[in-house]
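K.L.:
I have a structure here, written as structure tokens, and I will follow up with some questions on it.
The values are calculated or read from the model by the stated rules, or taken from the named source; none is laboratory data. Here the structure is a predicted model, which is why all the values come from computation and not from measurement. Because the Cβ atoms are built from the backbone with ideal geometry, glycine has one as well, and the counts that use them run over all protein chains shown. With ligands, DNA and RNA removed, areas are computed over all heavy atoms of the protein, side chains included. Shrake-Rupley method; radii C 1.70, N 1.55, O 1.52, S 1.80 Å.
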Amino acid sequence: MSQHRVVVLGAGVSGLTAAFILSKNKNYSITVAAKHMPGDYDIEYASPWAGANYLPVGKEGTPSQEYERNTWPELAKLAKEHPEAGIHFQDTLVYRRKKDKGPVSEWFAELIREDAWFSKVVPNFKVLSKEELPKGMDGGTSFTSVCINTAIYLPWLVSQCLKNGVIFKRGVVKHIADATLLHHSGKKADLVVNCTGLFSLFMEGVQDKNMYPARGQIVLVRNDPGYMATTSGTDDGEDEAVYIMHRAAGGGCILGGCLQADRWDSAVDPNLAIRIMKRAIALTPELVPEGKGIEALDVIRHGVGLRPMRKGGIRTEKETIKGPDGNGVRVVHSIGHGGYGYQTSWGCAAAVVRLVDESLTEKARL
Ligand code: FAD
């Protein structure tokens, strides 16, 4: 049987995870084509900027919840058995304040529940007693999560794909149908997996108007408090957040953040950076020696990334799209992973692979 030619457009965590799972099927000949690849840092490329940890936020009964549920065992397995992937387990504290409202507290609505659906998914889930809560917190939970060093994990995904014969190439397309011309064989691809994140808003043939950015600013420091923590909100505005994530394998500690909807600006806001550092020390005083403030933080870099948000949630869907030449092109979308692209990655990619299999089986029958 001849191989099906597949182009995965996009080399963020969504494209790379889908390509890796697809590459286990020897009936597929796969090219990953993208404007940005692991190693690049660019405002148009969300994946390198992520913390990234596993803090489930999917609402009960949604595809996101299913993807998060199905992703945990894969990330845990990598943390246990494949240290070279750059993922480690971390004790995690999640605090809740009654007064918090607005975008950040809505984002964390499932995360902060004492009866959270994921309490039976992650190890060591526990509701904190009053005595264990810092001043100002009304409730909290603790559990074991993971933190991913994206600077190691994304290249690790590339190396797994290369081992399975996937070919990588740079390419920028204007119309999704043009991605069929990027297959390394020189022949037209049978199917395109669309993993272009936020830029599906503009790409001809897709132009998904439900996509929008949510700006996230971070500070990467050498300090390590020894655990991860977050809260349902801050006193600095409803779209500001506080989270501390300690990356595996010397990756430093990410201090965040914010969730600024419809903001595209890539420049670091220095005032926000100061608020981020102050809030991080207030929540995790172990970041700095006792009595010290932000001057004791050893900054590696400041950064800004745009979360590829989507009204209606993640889009995993197959479609036939008419190209500029009038011919239909089979496409499977995997876009709109918002602030949860890593923690949904394996579950979502498995759903994408099922859609690719279905679409190419239909094609073979025609
Ligand atoms: P991207 O990483 O943006 O990749 C898109 C790809 O498509 C790129 O390769 C790009 O070059 C390519 N592309 C786009 N347009 C074209 C074109 N026309 N032609 C060719 N190629 C194109 N998630 C978590 O799970 N946990 C976290 O802790 C977490 N923390 C985060 C913190 C911050 C500050 C930010 C910004 C995000 C965070 N996220 C987190 C979210 C996560 O980073 C994203 O959901 C995820 O990276 C999206 O990946 P993606 O592959 O869909 O898109």
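K.L.:
In region 225-261, how many residues are open to solvent by less than 10 Å² (accessible area, probe 1.4 Å), hydroxyl-bearing (Ser, Thr, Tyr) and in a strand (DSSP E or B)?
P.N.:
Selection size over region 225-261: 2.
K.L.:
Here's a follow-up. Of these, Thr320, Thr316, which one is closer than 27 Å to Met211 by Cβ and surrounded by fewer than 18 Cβ atoms within 10 Å (Cβ to Cβ)? Can you show your working first?
P.N.:
Numbers: Thr316 fails: surrounded by fewer than 18 Cβ atoms within 10 Å (Cβ to Cβ).
None of the other options fit; the residue is Thr320.
K.L.:
Follow-up. For Tyr95, which of the numbered conditions (1) in contact with a Phe, Trp or Tyr (Cβ under 9 Å, 6 or more places away or on another chain); (2) more than 13 Å from the ligand (Cβ to nearest atom); (3) in contact (Cβ under 8 Å) with a residue 12 or more places away in the chain; (4) outside any loop (DSSP other than H, G, I, E, B) fails to hold?
P.N.:
For Tyr95, the exception is condition (1).
K.L.:
What is the number of the single condition among (1) touching a residue at least 40 places away in the same chain (Cβ under 8 Å); (2) surrounded by 20 or more Cβ atoms within 10 Å (Cβ to Cβ) that Glu286 does not meet?
P.N.:
In the conditions (1) touching a residue at least 40 places away in the same chain (Cβ under 8 Å); (2) surrounded by 20 or more Cβ atoms within 10 Å (Cβ to Cβ), Glu286 misses (2) alone.
K.L.:
Among the numbered criteria (1) touching a residue at least 40 places away in the same chain (Cβ under 8 Å); (2) over 28 Å from Thr231 (Cβ atoms), which one does Ser142 miss?
P.N.:
(2)
K.L.:
Please identify the pairs in which a residue from region 204-217 that is among the polar types (S, T, N, Q) has its Cβ atom under 8 Å from the Cβ atom of a residue that is open to solvent by less than 10 Å² (accessible area, probe 1.4 Å) and more than 9 Å from the ligand (Cβ to nearest atom), counting only partners at least 6 apart or on another chain.
P.N.:
Listed pairs, sorted by first residue: Gln217/Leu272; Gln217/Ala273; Gln217/Ile276.
K.L.:
Please work out which residue is farthest from the chain's Cα centre (by Cα), limiting yourself to region 138-197 and to residues that are among the charged types (D, E, K, R) and open to solvent by 60 Å² or more (accessible area, probe 1.4 Å). Don't jump to the end; show me each part of the working.
P.N.:
Pass one, region 138-197, residues among the charged types (D, E, K, R): 138, 163, 169-170, 174, 178, 187-188, 190.
So of that shortlist, the ones also open to solvent by 60 Å² or more (accessible area, probe 1.4 Å) come out as 138, 163, 169-170, 174, 187-188.
Details: Asp138: 29, Lys163: 23, Lys169: 22, Arg170: 21, Lys174: 24, Lys187: 32, Lys188: 30 Å.
So the residue we want is Lys187.
K.L.:
Asn271 is checked against (1) open to solvent by 50 Å² or more (accessible area, probe 1.4 Å); (2) over 19 Å from Arg222 (Cα atoms); (3) touching a residue at least 12 places away in the same chain (Cβ under 8 Å); (4) not small (Gly, Ala, Ser) and fails just one. What number does that condition carry?
P.N.:
Every listed condition holds for Asn271 apart from (3).
K.L.:
Still on this structure, please answer the following. Among the candidates Ile112, Ile152, single out the residue that is more than 22 Å from Gly336 (Cα to Cα), away from the ligand (no atom under 14 Å from the Cβ), assigned to a helix (DSSP H, G or I) and of a type in the set (Val, Ile, Thr). It would help to see each step written out before you state the result.
P.N.:
On the way: Ile112 fails: assigned to a helix (DSSP H, G or I).
Step by step, each of Ile112, Ile152 is checked, and only Ile152 is more than 22 Å from Gly336 (Cα to Cα), away from the ligand (no atom under 14 Å from the Cβ), assigned to a helix (DSSP H, G or I) and of a type in the set (Val, Ile, Thr).
K.L.:
Search region 210-224 for residues being of a type in the set (D, E, K, R) and farther than 21 Å from Gly313 by Cα, and hand back the single one that is surrounded by the fewest Cβ atoms within 10 Å (Cβ to Cβ). Spell out the reasoning first.
P.N.:
The initial filter retains those residues of region 210-224 that are of a type in the set (D, E, K, R), namely 215, 222, 224.
Still in the running and farther than 21 Å from Gly313 by Cα: 222, 224.
Values: Arg222: 11, Asp224: 15.
My answer is Arg222.
K.L.:
May I pose another question? Taking the condition of being outside any helix (DSSP H, G or I), in contact (Cβ under 8 Å) with a residue 60 or more places away in the chain and out of contact with any strand residue (DSSP E or B) (no Cβ under 7 Å at 6 or more places or on another chain), how many residues in region 310-366 meet it? Break it down stepwise before answering.
P.N.:
First, pick out the residues of region 310-366 that are outside any helix (DSSP H, G or I): 310-344, 366.
Adding the requirement that they be in contact (Cβ under 8 Å) with a residue 60 or more places away in the chain leaves 310-316, 321-325, 327, 329-344.
This time we only want the ones that are out of contact with any strand residue (DSSP E or B) (no Cβ under 7 Å at 6 or more places or on another chain), so: 311-314, 325, 327, 340-341, 343-344.
Residues in region 310-366 being outside any helix (DSSP H, G or I), in contact (Cβ under 8 Å) with a residue 60 or more places away in the chain and out of contact with any strand residue (DSSP E or B) (no Cβ under 7 Å at 6 or more places or on another chain): 10 in total.
K.L.:
Name every residue in region 184-215 that is among the small types (Gly, Ala, Ser) and either within 12 Å of the ligand (Cβ to nearest atom) or in a strand (DSSP E or B) (or both), in order of residue number.
P.N.:
In the first step, residues of region 184-215 are kept if they are among the small types (Gly, Ala, Ser); the result is 185-186, 189, 197, 200, 205, 214.
Gly197, Ser200, Gly205, Ala214 - these are the residues of region 184-215 that are among the small types (Gly, Ala, Ser) and either within 12 Å of the ligand (Cβ to nearest atom) or in a strand (DSSP E or B) (or both).
K.L.:
Here are some residues: Gly51, Gly58. Which one is of a type outside the set (Asp, Glu), within 22 Å of Thr144 (Cβ to Cβ) and more than 9 Å from the ligand (Cβ to nearest atom)? Let's see the steps before the verdict.
P.N.:
On the way: Gly51 fails: more than 9 Å from the ligand (Cβ to nearest atom).
One residue alone meets the criteria, Gly58.
K.L.:
Run Leu297 past the list (1) among the aliphatic types (A, V, I, L, M); (2) in contact with a strand residue (DSSP E or B) (Cβ under 8 Å, 6 or more places away or on another chain); (3) within 16 Å of the ligand (Cβ to nearest atom) and report the number of the one that doesn't hold.
P.N.:
Just one mismatch for Leu297, condition (3).
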